[in-house]
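Engineer: My questions all concern the structure below.
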Amino acid sequence: MARRATIKDVARVSGLSTATIDRALNGRVKVREETLRRIADAAREVGYHARGVLDHRLDATVPELRIGVVLLKEKQHFYQAFRAEIERAVSERTDIRGKVTIRFSNSQSPNEFAELLQKLGAECDAVAAVAVNHQSLDKVVSDLKAKDVPVFSLLNDFAQGIRRSYIGLNNMKVGRQAAWMLTQTATPGRVAIFVGGNRWHGHDLREVGFRAFMRENAPSFETLETLVNLETRQVTYEATLSLLERHPDLRGIYVAGGGMEGAIAALREVRPPGKVRLVVNEVTADSRAGLLDGYVQMAISTPLRDVCQSMIDLAIKACSDPNSTSVEQHFLDPRIILPEIL
């Protein structure tokens, strides 16, 4: 029968005295959080029976933070990965007792986003969302701000001047990066750009950056009228086939938001690899396969772990200083994924 762990075993592993451990267990005097954590780790390592008491005392010293997050497209690979990164980022924090509630919007309706934000704001200390930019969200964010519940826009900015912070990529620069890649890899001619819709502020900025770069640096390229794909695979697929039929000399495509799978599928059907250069966002099974077989030249990937960690850092900061009126943009560097690094 295995010997039961004792305080002496905890003392040996932690490097502390048995007297210090006894004080931590009985709470007769205040023990520093760092010491409590050291004892708790040692107790878990040796299997000490009273480690639950230490964990409880440790938890009592750490502030609680309830974060609500709104995402969309629950079945899409990117948002599944986003959800996992949020949950992992919260679970790894030792400076808070974090609790995260994640809700998914079933549509891109501003009213649905507003309703989800409002519900989460009623039960959380801070709220973040990937959502469209619309005045109905402005009112909800303003109401939550009045109740000292900070709101953070993720990836796509909304409620500018009201929300606490935007966390994501510098979308205008992303658009310029996409244009640069097309001009470096394609021969001069026509290029096309897809956006999700006019309510996605980030897509608008990517389009602006894309067109600005082409105008300033690549006059031999002609950017066609912007196509709206509602971030869906099927719409992008059908629109790409039509685009290729109408412009047989098309040189490049940039899908500024979701729906890239449709563009990849259409190119596979009617063009050889690399004939039309394609730049997309995010690395999924489809874009990875496209990169490997030459149908995709570059993927601009969002550093989801950095987004999640920044969200928690800024939420802690905002909740500790509710009277602050500062609003800010927190730009993160994208990951540029090329076929050669896969």
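Engineer: Helix 233-246 against the longest principal axis of the chain: what's the angle in degrees, Cα atoms only, rounded to the nearest 10?
Structural biologist: Its long axis makes an angle of about 20 degrees.
Engineer: Could you tell me the relative contact order of the chain? Use alpha-carbon pairs under 8 Å, at least six residues apart, and round to a whole percent.
Structural biologist: Values: 642 pairs, mean separation 47.0, N = 342.
Taking the mean separation of contacting Cα pairs over the length of the chain, I get 14 percent.
Engineer: Could you tally the net charge around residue 157, taking each other residue with its Cβ under 13 Å from the Cβ of residue 157, Lys/Arg +1 and Asp/Glu -1? Spell out each step's value before the answer.
Structural biologist: Working: positive: 163, 164, 199, 206; negative: 138, 204, 328.
My count for the surroundings of residue 157 gives +1.
Engineer: Additional query: So with the 1.4 Å probe, I'd like the accessible area per residue for the chain, rounded to whole Å².
Structural biologist: Details: 16350 Å² over 342 residues.
Result: 48 Å² of accessible area for each residue.
Engineer: Can you work out D for the stretch 46-180 in µm² s⁻¹ from Stokes-Einstein, where Rh is the Kirkwood radius over C-alpha pairs, the temperature is 25 °C and the viscosity is 0.890 mPa s? Walk me through the numbers on the way to the answer.
Structural biologist: Details: Rh = 16.5 Å.
Estimated via Stokes-Einstein, D reaches 149 µm²/s.
Engineer: Here's a follow-up. Measure off, as a whole percent, the carbon and sulfur share of the 1.4 Å-probe accessible area of the stretch 114-182, all protein chains present. Numbers along the way, then the final one.
Structural biologist: On the way: 1270 of 2500 Å².
Accessible surface attributable to carbon and sulfur in the stretch 114-182 totals 51 percent.
Engineer: Continuing with this model, one more query. What pairs from 73/119; 73/275; 147/173; 173/275; 99/317 go past 28 Å between their alpha carbons? The partial results should precede the final answer.
Structural biologist: Working: 73/119 19 Å; 73/275 31 Å; 147/173 35 Å; 173/275 26 Å; 99/317 16 Å.
Cα-Cα > 28 Å for 73/275; 147/173; rest within.
Engineer: Please list the three semi-axes, largest first and in whole Å, of the ellipsoid equivalent to the stretch 127-256, using sqrt of 5 times the eigenvalues of its alpha carbon gyration tensor.
Structural biologist: Working: eigenvalues 227, 52, 18 Å².
Taking √(5λ) for each Cα gyration eigenvalue gives 34, 16, 10 Å.
Engineer: Taking the chain as a Gaussian network, Cα atoms linked when under 10 Å apart, which of 151, 283, 62 shows the biggest mean-square fluctuation?
Structural biologist: 62
Engineer: Wrap a convex hull around the Cα atoms of the chain, take a quarter of its surface area, and give that in square nanometres. Provide the component values of the computation, followed by the final result.
Structural biologist: Working: hull surface 89.2 nm².
With the hull built on Cα positions only, its mean projection is 22.3 nm².
Engineer: Also, I was wondering about something else. Non-local amide H neighbours of residue 282 (under 5 Å, H modeled in plane, Pro and chain starts lacking H): which ones?
Structural biologist: Those lying under 5 Å, H to H, from residue 282 are 300, 301, 302.
Engineer: While we're here: I'd like the carbon and sulfur percentage of the solvent accessible area for the stretch 225-295, probe radius 1.4 Å, heavy atoms only, ligands and nucleic acids excluded. Could you put the intermediate results ahead of the total?
Structural biologist: On the way: 1570 of 2990 Å².
Answer for the stretch 225-295 is 53 percent, counting heavy atoms of protein chains only.
Engineer: Taking the 0 to 90 degree range and rounding to the nearest ten, how far is the long axis of helix 33-46 tilted relative to the main principal axis of the chain, both from C-alpha atoms?
Structural biologist: Around 90 degrees separate the two axes.
Engineer: Further question: List every residue whose amide H lies under 5 Å from the amide H of residue 104, counting only residues 5 or more places away in sequence or on a different chain, with H placed 1.01 Å from N in the peptide plane.
Structural biologist: For residue 104, the qualifying residues are 71.
Engineer: What do the square roots of 5 times the Cα gyration tensor eigenvalues come to for the stretch 228-270, in whole Å, largest first, as semi-axes of the equivalent ellipsoid?
Structural biologist: Details: eigenvalues 51, 21, 16 Å².
The equivalent ellipsoid of the stretch 228-270 has semi-axes of 16, 10, 9 Å.
Engineer: Once each part is reduced to its C-alpha centroid, what is the distance from the stretch 110-149 to the stretch 267-284 in angstrom?
Structural biologist: Spelled out, the Cα-based centre of one part sits 37 Å from the other.
Engineer: Scattering from the C-alpha atoms of the stretch 267-332 alone, worked out with Debye: what is log10 I(q)/I(0) at q = 0.19, 0.26 1/Å?
Structural biologist: Values, matching the q order: -0.76, -1.07.
The values are calculated or read from the model by the stated rules, or taken from the named source; none is laboratory data. No experiment lies behind these values; they were computed from the predicted model shown. In this analysis, Cβ positions are derived from the backbone assuming ideal geometry, glycine residues included, and neighbour counts consider all displayed protein chains. Note: areas computed on protein heavy atoms with side chains; ligands, DNA, RNA excluded. Shrake-Rupley method; radii C 1.70, N 1.55, O 1.52, S 1.80 Å.
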